[in-house]
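The structure appears right after this line, and notes come after that.
The values are calculated or read from the model by the stated rules, or taken from the named source; none is laboratory data. What you see is a predicted model, and the numbers here were worked out from it, not measured in a lab. Reconstructed Cβ throughout: ideal geometry from the backbone, glycine too, with neighbour counts over all protein chains shown.
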Amino acid sequence: MGVDQYLFLLNSLKWTLILSAVAFAFGIPCGLGVALMRTSDSTPMRWLATRWIDIFQGTPLLMQLFVVYYGLALLGLKLDEWSSVTVGFTLHASAFLGEIWRGAIEAVPRGQTEAAHALGLHYWSRMKDVVLPQALKISLPATIGFLVQLIKGTSLASIVGFVELTRAGGIIANINYRHLLVYGVVGLMYFCICWPLSLWGARLERKFAAASR
Amino acid sequence: MTQTRQAAPMILMEGVEKWYGQFKALTDINLEVNSGEKIVLCGPSGSGKSTLIRCINHLEPIQKGRIVVDGVTLGHDTKSIDAVRRGAGMVFQQFNLFPHMTVLENCTLSPLRTRGLKKDAADALARKFLARVQILDQAEKYPAQLSGGQQQRVAIARALCMEPKVMLFDEPTSALDPEMVKEVLDTMVELARDGMTMIVVTHEMGFARQVADRVIFMASGQIVEEEPPEQFFQAPKHERTRKFLGEILRQH
Ligand SMILES: Nc1ncnc2c1ncn2[C@@H]1O[C@H](COP(=O)(O)OP(=O)(O)O)[C@@H](O)[C@H]1O
Ligand SMILES: [Mg+2]
């Protein structure tokens, strides 16, 4: 493998990271919205959020990307590959983060919300000041775990023609026929990104477990 | 009829019924608490003591009857609930301090959010009440760094920062190690001396003798007996009260 091929891989790794970061960044507010709806007092809101989560958890990510790409085109909204996969991964992240944070919100002891009620705090203050800071801390290991899944999941973006790390590897392997070497390098690159994140998540989990003992 | 106008009670409960689904937790509760009065509420576990005081600030909605707090009739609307909650401070058995906030932040949150105080004013208010429960020196610490007794005193200060008309205590010393009970009770006695209207769910009978104007005994969701402490302890009228007092005294 030549230097320019390695550079091509590194450049594509950049797109993998950008796509992950953007989907995660948009996924955070959307996921927060899903989690708040899922835990709200309003039955229609809860219903809507529950179905949203069900749909994304019950179908393959690949299908979700297809539906966004071809479905939006069918509705007359022709997005380029970049926008399409960004929308697809953001929606995907909103559902998964929404479910992770729902669990975390519900794990905050009831007494906390009760004290907030007794202090006369309204919904936004109860959430922003009391519940969410504790919930987000509880959810941090699972949230990092999802980020790792998301980074690996972006390899599916190649299916609609978006060139990220996996796709770049495919292109190079088709030229030099050294599939094992190329995909070995590609895998190593994913590993170098994901492994430290996983370690960090596991460390936080141990730390929180020790603190709650 | 006399002309002296009877002041409206600070808390009025009339024919209150409370159901948890199919389970009737409160039956025909009638209670009047005047301004400055101190009520001790006792009774066996599961008799509805917590439920009763939690209905007063609408932590639990009621199905029947009427609750009026400082002239505001409690409805299901935000306006009346807000008004009642701002006038009633509550202290819980498990303290329920916010663990991610310092002692000072715990105390300033409600003044900042519900009364629109500026940070300086809220800080000053919090420091005043922290000094009053003698824990000002811990203001910058987090709850987990304090002992149980200290945490409960912070919880009292936090409630006082709303400058409430009434304080509701739900077994404030039950979760404490024995050696910390006294510091919390002393704080409450002092509060009582300053004229606060208080309803205290507790089995600390010494406290009841010392500060209560009336002791109320509850069983199975009903008020069984309501007496000044002398009568309550010396000549309880009901068999269930006698039995309960016998058990309490045996434990202590
Ligand atoms: N959230 C709830 N849902 C269902 N039942 C409840 C709930 N809270 C309390 N109860 C029931 O209501 C009764 C009174 O409870 P509570 O007011 O906590 O009693 P106490 O404080 O006197 O021990 C008990 O039988 C209890 O099981
Ligand atoms: Mg109770």
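Residues in segment A:99-125 that are farther than 18 Å from residue B:54 by Cα, within 12 Å of chain B (Cβ to nearest Cβ) and in a helix (DSSP H, G or I): A:123, A:124, A:125. Those helices (runs of 4 or more DSSP H) of segment B:152-252 in which 3 or more residues are within 15 Å of ligand 1 (Cβ to nearest atom) and not aliphatic (A, V, I, L, M) occupy B:239-251.
Does segment B:137-149 include one or more residues that are under 24 Å from residue B:50 (Cβ atoms), away from ligand 2 (no atom under 16 Å from the Cβ), within 14 Å of another protein chain (Cβ to nearest Cβ) and buried (at least 17 other Cβ atoms within 10 Å of the Cβ)? The answer is yes; a qualifying residue exists. Just one of the listed residues (B:35, B:80) is over 18 Å from residue B:175 (Cβ atoms), without any contact (Cβ under 8 Å) to a residue 12 or more places away in the chain and away from ligand 1 (no atom under 14 Å from the Cβ), namely B:80. Against the conditions (1) over 21 Å from residue A:126 (Cβ atoms); (2) within 16 Å of ligand 1 (Cβ to nearest atom), residue B:59 satisfies every one except (1). Only residues that are touching a strand residue (DSSP E or B) at 6+ places or on another chain (Cβ under 8 Å) and within 16 Å of ligand 2 (Cβ to nearest atom) were counted in segment B:180-222, giving 11. Taking the residues in segment B:110-125 that are within 9 Å of chain A (Cβ to nearest Cβ) and in contact (Cβ under 8 Å) with a residue 12 or more places away in the chain as candidates, determine which candidate is surrounded by the fewest Cβ atoms within 10 Å (Cβ to Cβ). Within segment B:110-125, the match that is surrounded by the fewest Cβ atoms within 10 Å (Cβ to Cβ) is B:115.
Just one of (1) within 30 Å of residue B:28 (Cβ to Cβ); (2) more than 14 Å from chain A (Cβ to nearest Cβ); (3) within 16 Å of ligand 2 (Cβ to nearest atom) fails for residue B:176. It is (1).
Evaluating residue B:128 against the criteria (1) at pLDDT 95 or above; (2) within 14 Å of another protein chain (Cβ to nearest Cβ) leaves one unmet condition, (2). Segment B:1-117 holds strands (runs of 3 or more DSSP E) entirely within its bounds, and those carrying 2 or more residues that are within 16 Å of ligand 2 (Cβ to nearest atom) map to B:11-20, B:23-33, B:38-42, B:88-91.
Tell me, please, whether a residue that is surrounded by 23 or more Cβ atoms within 10 Å (Cβ to Cβ) and at pLDDT below 95 can be found in segment B:228-242.
yes
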